[in-house]
Amino acid sequence: MATQWTTFPIEFRGGLISNLSPLQHGTNAVGSATILQNFEANKEGGYSKIKGFQKFSTTAVPGTGPVLAVKVISSGRVIAARKVDSSAVTQTNSTASINGATSSSTSVVLDGNSGTIVVGMIVSGTGISGSPTVTTVTDQNNLVLSSAQTLADNTVLTFSHLDATADLNKVAYYYSTGNSWNFMAHSAGINSGKARHVLYNLDGDDKVLFVDGTNYPAIYNTNGNTMSFMTSSDSTDVSGAEQVAIFKNTAFYSKGSNLFFTAPFSVDDFSVSNGAGSFNVANDITGLAVFREQLIIFTQDSIKRLTGSSAADFAVSPITDRIGCINGDTIQEIGGDVIYLAPDGIRLLSATDRIGDFALDIASDQIYKDANTFLASTPSFTSLVLREKAQYRIFAYISSQQPEVGKGLIATKFISQGASGMSWSTTSGIKAFVADSRYSGTTEMVAFAHDDGYVYQMETSSSFDGGDIQSIYESPYMPITDPQTRKSFYKLTLYAEPTGSMDVDLNIRYDFSTSTNTATLQPSTQQVSSTGTAVFLFGASDATYGTAKFGGELDKVYINNIVGSGKTIAIRISDNSTNASFTLDTALLEYRQNDRQ
């Protein structure tokens, strides 16, 4: 009979796996997870509790329904779009009083101004006839209106970008630097769908193109924070464009199965004589992506590539006619690859292009069961990339769902593992309808929004906007040696790297125990806590001067006496708090192997 204790190391790696049988999982993928919620694979090893989010601005984007677009311009500037409602009209008002009566005149003199009056604003008030607009602003006290008015002295006029009766449900665009939302422009037509976008620079100014599937494309210029819409004088072809991309200094717009492109170095020149043109790809286009000197054109049933540098040599050729992308909002470039949602799971374009047989390489195969449940939950998705972490995040959106149960998937790519080297986990508590991320200098800003009207900044706190983050790691049932031999367990040593206070629950389970199978006695929950005071790096966003301690050491080794015996063992570590992130690195089990029964 063996009497000595034996040590069994568990290196936390491999991520979430749900395509193996229980015994295969515990034998062949020790350290992976059957549940990995609100954790992410750390590039330096182990699993880290994800960071939380907080409001980018304490003011909601004016309007109604979900936020229809979020675009990160810099680390401190965001554009958002939302449907107009009466509250949006109210929030864009300026007021002033008539300083001297007018008689059938377009010129008015004002005083008592509140807010800023600009050209294009709609004027209302007692005695106003029709819906005149401001055509000239000499200064804030001297204006010219679009039609003559007869007004009494001291009449209070209201100046608004939006008309409460005519502009409801149109799409209004705003920008914010973290304070209030500033109106820029609104669409000519009504829409409730997402506004997709692309950042470009063809003339020295960073600009953003927006398309929403209903209206003419909108152009935002960072130089001056101005927004303008194309009109029929540009081209009626792109009214209602659904997808947009910039390739070879040319703008490409998709509408149904048609792909329209502009003259070079332009986003609104559709003159064929200047180099503009179009293609028909036979199927409705679901997404566009620029990848390795090619414009990748996704449809639901096919993937094509456009190559060349101008209208003279642009050519469309097939990558595959066997499968396509079912949701363009899931297309992202990550780690030198393009990832997207196909009918049978989440795929990588490079593997698809190289192999040609789409049944052979599906990035989400490793989480087959979890992916099927997640992808079947809703037809609406959004996604983003955390470039610093080589990480892809996809979120399912259900309008009736409370934010605290919003679901998502995280895929962290490890290049050393090959084209499909993904470590997966899930999120719970992040509800996102639109999302975006961008580097600004050395800072990556990540933003998202849903139907409460607020824009949230991800990766900024240790809570979900003040709420707890519920993080769960659960290992497979591990036989360790012989799955038919009982072992007695005595100690679990956990190696972890906290960045602040840590207080997690540790549960040990034996012999494939479930809620309906309680034949084996299971140990009670143990607390694993850091014994040091929370410490911070200098400059940490959650550190408070005069309160926080800097430069100290936190515990990294946690020794836990455990009891019980079984043929297989599983570990569950959970945290439901606003404590700072921590990384699970390794666990050591000490046990004695008994005789075969």
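The values are calculated or read from the model by the stated rules, or taken from the named source; none is laboratory data. Remember, predicted model here, so these are calculated numbers, not experimental data. Glycine also receives a Cβ, built like all others from the backbone with ideal geometry; neighbour counts cover every protein chain displayed.
Things worth noting here:
- One residue stands out in segment 2-53 among those that are aromatic (Phe, Trp, Tyr) and surrounded by 15 or more Cβ atoms within 10 Å (Cβ to Cβ): the one that is nearest to Tyr392 (Cα to Cα), namely Phe39.
- For segment 133-157, a residue qualifies if it is buried (at least 18 other Cβ atoms within 10 Å of the Cβ) and within 41 Å of the chain's Cα centre (by Cα), and exactly one does: Val134.
- Residue selected from segment 367-386 under the condition at pLDDT below 90 and aliphatic (A, V, I, L, M), by the criterion surrounded by the most Cβ atoms within 10 Å (Cβ to Cβ): Leu375
- Condition met for Thr330 (outside any loop (DSSP other than H, G, I, E, B), of a type in the set (S, T, N, Q) and touching a residue at least 60 places away in the same chain (Cβ under 8 Å)): yes
- Residue ID - surrounded by the most Cβ atoms within 10 Å (Cβ to Cβ), chosen from residues in segment 102-121 that are among the hydrophobic types (A, V, I, L, M, F, W, C) and at pLDDT 95 or above: Val108
- Of all the residues in segment 185-202, those that are under 12 Å from Ala218 (Cβ atoms) and in a loop (DSSP other than H, G, I, E, B) number 2.
- Residues of segment 150-171 satisfying the condition of being of a type in the set (A, V, I, L, M) and more than 22 Å from Ala245 (Cα to Cα): Leu151, Ala152, Val156, Leu157, Leu162, Ala164, Ala166, Leu168
- Filtered by the rule that a residue be within 25 Å of the chain's Cα centre (by Cα) and either farther than 17 Å from Ala587 by Cα or not aliphatic (A, V, I, L, M) (or both), segment 17-34 gives Ile17, Ser18, Thr34.
- If you go through segment 171-182 and keep only what is over 21 Å from Asn113 (Cα atoms) and surrounded by fewer than 21 Cβ atoms within 10 Å (Cβ to Cβ), you end up with Tyr175, Ser176, Thr177, Gly178, Asn179.
- Filter result for Asp268 (over 23 Å from Asp337 (Cβ atoms) and assigned to a loop (DSSP other than H, G, I, E, B)): yes
Residues checked against (1) more than 21 Å from Asp205 (Cβ to Cβ); (2) of a type in the set (Ser, Thr, Tyr); (3) in contact (Cβ under 8 Å) with a residue 12 or more places away in the chain:
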site: Met227; (1), (2), (3): no, no, yes
site: Gln243; (1), (2), (3): yes, no, yes
site: Ile246; (1), (2), (3): no, no, yes
site: Ala251; (1), (2), (3): no, no, yes
site: Ser271; (1), (2), (3): yes, yes, no
